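Beneath this line is the structure, given in structure tokens, with notes to follow.
The values are calculated or read from the model by the stated rules, or taken from the named source; none is laboratory data. Please read these numbers as outputs of a predicted model, since none were measured by experiment. Because the Cβ atoms are built from the backbone with ideal geometry, glycine has one as well, and the counts that use them run over all protein chains shown. When the accessible area is computed, the model is the full protein with side chains, heavy atoms only, and any ligands, DNA or RNA have been set aside. Shrake-Rupley method; radii C 1.70, N 1.55, O 1.52, S 1.80 Å.
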Amino acid sequence: MTVEMQCEATQVAEVVVPQEELVAANKVEVNEKVKKDEEEESKPNTIEKSSSYREESNFLSDLKENEKKALNELKSIVEEAILGNTLFKKEETNKSPEEEGKNEENRDTVEGKEEEKEGDLDVVEVDREISIWGVPLLPSKGDEKTNVVLLKFLRARDYKVNESFEMLKKTLQWRKDFNIQSILEEDLGSDLAPAAYMSGVDNQGHPICYNIFGVLDDEEIYNKTFGTEEKRNQFLRWRVQLMEKGIQQLDFKAGGVSSLLQINDLKNSPGPSKKEVRVATKQAVDLLQDNYPEFVAKNIFINVPFWYYAVHSLLSPFLTQRTKSKFVFVRPAKVTETLLK
């Protein structure tokens, strides 16, 4: 086969190309085209605001040396705090003048009892059964789930041991003050049930939490939810209850499931003009980020309106880089395809 080539001097030269080379060249061209098409098809169908996040392993053998060291240090600190009864802040009681008077009257009786116990050592009762999300916190109990929970706090604070321990202490204190122990049994009403709920799992076994913000655009529901500060506090308690229900489905095993997938549908959601929504949203974000570290494997936002990007930029400074790396924003045309994946 011959191919004509035009030279600079406008002369036409005849170049002979072997048939085998021509076939090979055609194959290369076809293969490159197929490869290019496959790359186009494999491109992500989402718009991500930051680098993608990959969930880390909880197996001790997969941890880096500095991560193992940080975990062992945190375990030692937690063990010492539990056995030393210093994990929670001491409760201070403010007594009225009447109570102080009664104490004065009973002082003689108390002093008499103290004389009887003279020589005895003060005994401090240690609670070795302290747990969080059903997982024992005393490392010497040898439960592998303890490592998984402590790793959450370490990762939330970039493996800074002291900061991780302070976060754990504050979380435990908040759970005590917020009365989390009874929250699962509380009846907080059903008005917001369509707004957020747990349903099914993803292809990696993460329980899925759906947040349907468009429900809050209903004027009646909006007023019931955000009308007063008391109602906003009730909304926060309801949201925490839902989070706790989702956590009930986690096993906290090294090779198991210890986080949730959140899908946030922003279609017809209340706009930025609704101040109460902004306030309640920021409170919820702060509360969940401070007390539920590393519990969301990925946050997928679908049907995102343009105004949301402005609101997100305002909230962004209050979010950690790890939290932001889990955010995925999906174009309306790609919602079904992305969710199926």
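Numbers for the structure displayed
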| read-out | value |
| --- | --- |
| Selection status of residue 235, of a type in the set (Phe, Trp, Tyr), in a helix (DSSP H, G or I) and farther than 23 Å from residue 324 by Cβ | yes |
| Lone unmet requirement of (1) open to solvent by less than 30 Å² (accessible area, probe 1.4 Å); (2) in contact with a Leu (Cβ under 8 Å, 6 or more places away or on another chain) for residue 152 | (2) |
| Boolean, residue 211 is in the same structural domain as residue 282 (by the TED database), within 18 Å of residue 193 (Cβ to Cβ) and either in a loop (DSSP other than H, G, I, E, B) or at pLDDT 95 or above (or both) | no |
| All positions within region 180-202 that are touching a residue at least 60 places away in the same chain (Cβ under 8 Å) and more than 18 Å from the chain's Cα centre (by Cα) | 183, 184 |
| The listed residue being under 17 Å from the mean Cα position of the chain (by Cα), assigned to a helix (DSSP H, G or I), surrounded by 15 or more Cβ atoms within 10 Å (Cβ to Cβ) and not polar (S, T, N, Q), out of 261, 288, 250 | 288 |
| Selected residue (only one of 319, 287 is at pLDDT below 80 and among the hydrophobic types (A, V, I, L, M, F, W, C)) | 319 |
| Hey, residue 276 under 29 Å from residue 184 (Cα atoms), at pLDDT below 85, crowded, with 18+ Cβ neighbours inside 10 Å and charged (D, E, K, R) or not | yes |
| Enumeration of residues in region 315-341 that are assigned to a loop (DSSP other than H, G, I, E, B) and over 15 Å from residue 300 (Cα atoms) | 319, 320 |
| Number of the condition not met by residue 235 [criteria: (1) surrounded by 18 or more Cβ atoms within 10 Å (Cβ to Cβ); (2) closer than 30 Å to residue 78 by Cβ; (3) aromatic (Phe, Trp, Tyr)] | (2) |
| Unique residue being open to solvent by less than 70 Å² (accessible area, probe 1.4 Å) and at pLDDT 90 or above when the list is 271, 256 | 256 |
| Which numbered condition residue 245 misses (of (1) touching a Pro at 6+ places or on another chain (Cβ under 8 Å); (2) open to solvent by 60 Å² or more (accessible area, probe 1.4 Å); (3) under 26 Å from residue 133 (Cα atoms)) | (1) |
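Okay, residues lined up against (1) crowded, with 18+ Cβ neighbours inside 10 Å; (2) under 21 Å from residue 148 (Cα atoms); (3) assigned by the TED database to the domain that holds residue 322:
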| residue | (1), (2), (3) |
| --- | --- |
| 197 | no, no, yes |
| 200 | no, no, yes |
| 204 | no, yes, yes |
| 207 | yes, yes, yes |
| 224 | no, no, yes |
| 229 | no, no, yes |
